[in-house]
Amino acid sequence: RTAEECISDALQSGYRFLECAEFYGNEHEVGKAIVSSGIPRKDLFICSKVWTTTMEKGHDAIVAQLQKTLDDLSTDYIDLYLIHWPVPGVHVAAYKTLEGLVKEGKIRNIGLSNYAVEDYKELVENGIEIQPAVNQIEINPFLYRKNTIEFFQKEGVVLQSYRSLRDGKKFGDPTLVKIASAKNKSPAQILGRWCVQKGFIYVPKSVKVERMVENANVFDFELTAEEMDELDGLTTPEAIETFFELYKKCVNRDTSKDGTLEGVKTDITKD
């Protein structure tokens, strides 16, 4: 299925938050779906992300990429624009470029993606003027990095969850299945409700209309404190280490430093 078809279905199903990215390579199709939907721009909240290679090329490349994103999406502003990865030696300057684009009215809010506590501190220490609105990281009961989450919450940075549903790979987990059965809900709905009750921005992903509808139906029930505690306990030390290895691998992804640890922070807050 094309991105245009999936977005059209999502909009018809009631979704109004759309997350895009330069890296996904489908913003033109998303734009076509938006235009054909007839939904007023003011009723949509559109997010996009600038990729590592563009950040490495510098200010002019970032400005040009944002304009391409705007053109592809048939809009003159982005509600939320994220730094996709905190590329060492590059991400601070990229962030300051985005601050300029906020002042021009092309971006409403700046956000972060995949930032560790220490990456955020580097931004602050280098004198950024606009506080990030969000940090988008993987959050679900199977990767619940409590110390990192609490840090950003204290800083006033909202946590936006990606892989909220763990790509469907944990739907058979016994604890999840037990709670889903007790609530007469699907495992996906339990994971979504957990995110909502934690106060995270829950962003489900699916290409099937029936799943889109199912994933959104998380507001007509509540999980008990005991159920929330059970779900909180599903993160293993191995999951934390897997996250850390992925972080080290991806911050330089596709740049001239790809495949190396040059500049990569190896002493970050993992959990």
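The values are calculated or read from the model by the stated rules, or taken from the named source; none is laboratory data. Worth saying up front: this structure is predicted, and the values here are computed from it rather than measured. Please note: Cβ atoms are built from the backbone with ideal geometry, for glycine as well, and neighbour counts cover all protein chains shown. Areas reflect the complete protein model, heavy atoms only, side chains present, ligands, DNA and RNA absent. Shrake-Rupley method; radii C 1.70, N 1.55, O 1.52, S 1.80 Å.
Miscellaneous remarks
- Residue within region 65-77 that is free of Cβ contacts under 8 Å to residues at least 12 places away in the same chain and open to solvent by less than 50 Å² (accessible area, probe 1.4 Å) present: no
- Region 1-28, subset closer than 28 Å to Ala64 by Cβ and polar (S, T, N, Q), residue surrounded by the most Cβ atoms within 10 Å (Cβ to Cβ): Asn26
- Test: residue in region 146-158 that is of a type in the set (D, E, K, R) and either without any contact (Cβ under 8 Å) to a residue 12 or more places away in the chain or at positive phi (or both): yes
- Residue in region 114-135 that is assigned to a strand (DSSP E or B), of a type in the set (Asp, Glu) and in contact (Cβ under 8 Å) with a residue 60 or more places away in the chain present: no
- Looking only at region 114-141, and only at residues there that are among the small types (Gly, Ala, Ser) and surrounded by fewer than 21 Cβ atoms within 10 Å (Cβ to Cβ), the one that is farthest from Gln65 (Cα to Cα): Gly127
- Only helices (runs of 4 or more DSSP H) whose full extent lies in region 1-95 are considered here, and the ones with at least 1 residues that are within 30 Å of Phe244 (Cα to Cα) are 27-37, 52-57, 59-72.
- Summed over region 159-187, the residues that are over 13 Å from the mean Cα position of the chain (by Cα) and more than 11 Å from Pro141 (Cβ to Cβ) give a count of 15.
- Close Cβ contacts (under 7 Å, 6 or more residues apart or on different chains) running from residues in region 218-230 that are closer than 28 Å to Tyr15 by Cα to residues that are open to solvent by 30 Å² or more (accessible area, probe 1.4 Å) and among the aliphatic types (A, V, I, L, M) comprise Val218/Val196.
- Only one of the numbered conditions (1) buried (at least 17 other Cβ atoms within 10 Å of the Cβ); (2) under 23 Å from Tyr247 (Cα atoms) is not met by Asn109, and that is (2).
- Put simply, of Gly89, Gly31, Gly100 the only residue that is open to solvent by less than 20 Å² (accessible area, probe 1.4 Å) and more than 19 Å from the chain's Cα centre (by Cα) is Gly31.
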